[in-house]
Amino acid sequence: MPKQAAFTLIELLVAIAIMVILVTVAVPSFQSVIASNQLLEARDSMLSAIQYTKGEAVARNQPVSVCPSTDGSTCGGSGDWADGWIVVTDTNETGAVGIGTILRVFDGPDASAVSLQHNGGGGALSFIRFLPNGLAQNMAPPSRYFGFCDPDGDVQPYSLIVAVTTGQVRTGTAAEANCP
């Protein structure tokens, strides 16, 4: 009768122990990758919204604004962008946003994964308005920033910097995110 090949109990336990060690090392690294991707996703969503707003203002030949919104249908007066934002045709070329048509609704980032910081040049940034020529209207110096921070501080933050006159958006440094 031929001899059958098989694993012994000791060999099986050693293999399981090695797998447990590898998983224990890999899981924390994977969690930081997930957290970093959540920050990037939030930053890219804001970048997309601002670029979309500028493009629609030029394409429609009318003012278009992006503003924070908690309900997806009105602009929030508090300037808190964490709950989401909307892009709207703007019927009011000066002062507060006059919502004409809602063009697009963006969900805010998951608050347990992303802490959103922003400045408004001395106050809350309540909206960004682009004119038909593609220039930003309502922003005074200094440049505005949006910081996308890990609430636990374990992952490098990301930022967006919006130039005040042109409305040009660039990715910023971790320091420019101004995370707490």
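Since every read-out is calculated from the coordinates, none of them should be taken as a lab result. Note that the coordinates shown come from a computational prediction; the quantities given were computed from them, not determined experimentally. FYI the Cβ positions are ideal-geometry reconstructions off the backbone, even for glycines, and counts take in every protein chain you see.
Please report, in whole Å³, the volume per residue of the convex hull around the C-alpha atoms of the chain. Please report the intermediate quantities before stating the final value.
Details: hull volume 31.2 nm³, N = 180.
Here the figure is 174 Å³ per residue.
List the residues of segment 88-107 whose backbone N lies under 15 Å from a point placed 7 Å from the Cα of Arg60 along the Cα-to-Cβ direction.
Within reach of a label on Arg60: 88-94, 97-106.
Restricting things to Cα coordinates, could you compute the convex hull volume per residue of segment 18-122 in Å³? Don't skip to the answer; put the middle values down first.
Values: hull volume 12.8 nm³, N = 105.
Residue-normalised Cα hull volume stands at 122 Å³.
Cβ neighbours within 10 Å, averaged per peptide: list 54-65, 17-28 in order, most packed at the top. Don't skip to the answer; put the middle values down first.
Details: 54-65: 18.9, 17-28: 9.8.
Going from most to least packed, we get 54-65, 17-28.
Given R₀ = 35 Å, what would the calculated FRET efficiency be for Leu12 paired with Leu40, taking r from the Cβ atoms and rounding to 0.05? Mind dumping the intermediate values first?
Details: r = 41 Å, r/R0 = 1.17.
Computed FRET efficiency for Leu12 and Leu40: 0.30.
Could you sort the peptides 173-179, 31-37 by per-residue average Cβ neighbour count (10 Å cutoff), highest mean leading?
Working: 173-179: 15.9, 31-37: 13.3.
Packing order, densest peptide first, comes out as 173-179, 31-37.
Using the count of nearby Cβ atoms within 10 Å as a rough guide to exposure, how do Tyr52, Tyr145, Tyr158 rank from fewest to most? Please list the in-between numbers first.
Working: Tyr52 16, Tyr145 19, Tyr158 27.
Lowest to highest Cβ neighbour count: Tyr52, Tyr145, Tyr158.
Report the local net charge at Asn37: Lys and Arg +1, Asp and Glu -1, summed over other residues whose C-beta lies under 13 Å from its C-beta. Mind showing how you got there, number by number?
Working: positive: Arg43; negative: Glu41, Asp44, Asp110, Asp150.
Here the count lands on -3.
So how much slack lies between Thr101 and Ser29, counting 0.36 nm per residue of separation and subtracting their Cα-Cα distance, in nm?
Extra length from Thr101 to Ser29 when fully extended: 21.5 nm.
Can you give the FRET efficiency for Asp71 and Ser48, using 1/(1 + (r/R0)^6), R0 = 30 Å, r = Cβ-Cβ distance, to the nearest 0.05? Could you put the intermediate results ahead of the total?
On the way: r = 21 Å, r/R0 = 0.69.
Efficiency at R0 = 30 Å is approximately 0.90.
Evaluate the charge dipole of segment 48-180 about its Cα centre and quote only its size in Debye, nearest 20, assuming +1 on the Cβ of each Lys and Arg and -1 on the Cβ of each Asp and Glu.
On the way: 6 positive and 12 negative charges, 125 e Å.
The dipole of segment 48-180 has a size of about 600 debye.
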